[in-house]
Amino acid sequence: MKIDVKDVTMIYPSGKKALQNVSFSVESPDFVGILGPNGAGKSTLMKLMTAALRETRGKIELDGKSLLSQESMLKRNLGYLPQVFGLYDELTVWQFMDYMSALKGIKDKEEIEWALEQTGLKDKRKIRIGNLSGGQKQRVGIAQAIVGHPELMILDEPTVGLDPEERIRFRNIFSEMSRDRIVFLSTHIVDDVQAVCNRVLVIYGGKILFDGAPSDLIDSTVDHVGSYVRSLDEVIPEDCEIVSKVNTRNGVLTRIVGENLPDYVEKCEPTLEDAYLYTVAAHSRS
């Protein structure tokens, strides 16, 4: 499977430009992490790739043909978890999974059993969704996305509401599934992208600022990350952004990113979070 996004611009009826001339190609297997602040255009991009929205300009192709002309094939091979996922509270977990499987044309009930096993929901199969906790409902959303082993998985904040142990378990499941398919993962948890994705897209203001390996993004931030101890009322250096602050006996240990770090700042080895914040901050000031 191959997806080509070609010069896509998305303008909503309100006039808001959510995406501007976005282009990239993804071919199976690939695990792509999408990073960007709220309102950057991440969810819009994902909706376009599921044919839930239609682009204003440009085009999206699936295996060389228009995505819209391939919509029926796309639905059969798509596992999609939107950021806001509506569930049928009156249905049991099994009934809901059976319904979602039918929509995808999945007849093998063993596929449902597998998805429930992977998401730790086998003992919840007879419980109505309305009676589940928030974290359990999120697991139901993940289960319907992975049922049938879809060739294309698009996951928008899939681990929100899960505890750290569950989050790590699910990101490892997604990583395992990406070995022979395309997986898109949009998340605010940068560590998850660094841990499992082989490619990262950084989106800001509807534009792609970076497309490549996480290690390459990190390398671009060498010499632009540092830390120093400051007093509470001390001013942050100009053109720098705070990554973290930790209170210590001597003051506030502050980690910053910036184009030109002051001489008194001790340079640090960058992480993907540092690189992401540096890339976004540099663009926002340009």
For L74, state whether it is modelled with pLDDT under 95, within 23 Å of H149 (Cα to Cα) and outside any helix (DSSP H, G or I). no
Would you mind stating whether E269 is free of Cβ contacts under 8 Å to residues at least 12 places away in the same chain and open to solvent by 80 Å² or more (accessible area, probe 1.4 Å)? no
Taking the stretch 152-193 only, how many residues are open to solvent by 40 Å² or more (accessible area, probe 1.4 Å), touching a residue at least 60 places away in the same chain (Cβ under 8 Å) and over 15 Å from the mean Cα position of the chain (by Cα)? 2
Residue count, the stretch 19-36 (criterion: surrounded by fewer than 15 Cβ atoms within 10 Å (Cβ to Cβ), closer than 13 Å to V202 by Cα and not polar (S, T, N, Q)): 0
From the list T50, T56, T44, T9, which residue is closer than 25 Å to E176 by Cα and polar (S, T, N, Q)? T50
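Here's the yes/no breakdown for (1) buried (at least 17 other Cβ atoms within 10 Å of the Cβ); (2) at pLDDT 95 or above; (3) among the β-branched types (V, I, T):
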residue: A195; (1), (2), (3): no, no, no
residue: V200; (1), (2), (3): yes, yes, yes
residue: L209; (1), (2), (3): yes, yes, no
residue: R230; (1), (2), (3): yes, no, no
residue: V235; (1), (2), (3): no, no, yes
residue: E238; (1), (2), (3): no, no, no
residue: V243; (1), (2), (3): yes, no, yes
residue: V246; (1), (2), (3): no, no, yes
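One line per residue, one yes/no per condition, for (1) over 30 Å from A281 (Cβ atoms); (2) open to solvent by 30 Å² or more (accessible area, probe 1.4 Å); (3) aliphatic (A, V, I, L, M):
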position	(1), (2), (3)
K17	no, yes, no
M49	no, no, yes
L62	yes, no, yes
S72	yes, yes, no
R76	yes, yes, no
Output the residue which, of all residues in the stretch 37-47 that are over 24 Å from H149 (Cβ atoms) and either in contact with a Cys (Cβ under 6 Å, 6 or more places away or on another chain) or not small (G, A, S) (or both), is most open to solvent (accessible area, probe 1.4 Å). N38
Name the pairs whose Cβ atoms lie under 6 Å apart, with the first residue in the stretch 115-140 and surrounded by 20 or more Cβ atoms within 10 Å (Cβ to Cβ), the second of a type in the set (S, T, Y), and 6 or more positions between them or separate chains? R139/T119
Residue check, V84 against (1) exposed (fewer than 15 other Cβ atoms within 10 Å of the Cβ); (2) within 24 Å of the chain's Cα centre (by Cα); (3) under 16 Å from E151 (Cβ atoms); (4) of a type outside the set (K, R), all met but one. Which one? (3)
Just one of (1) under 24 Å from V193 (Cα atoms); (2) open to solvent by 20 Å² or more (accessible area, probe 1.4 Å) trips up D274, so point out which. (2)
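The values are calculated or read from the model by the stated rules, or taken from the named source; none is laboratory data. None of these values were measured; they are calculated from a predicted model. Cβ atoms come from the backbone with ideal geometry, glycine included; neighbour counts cover every protein chain shown. Accessible surface is based on the protein model in full, side chains and every heavy atom, while ligands, DNA and RNA are left aside. Shrake-Rupley method; radii C 1.70, N 1.55, O 1.52, S 1.80 Å.
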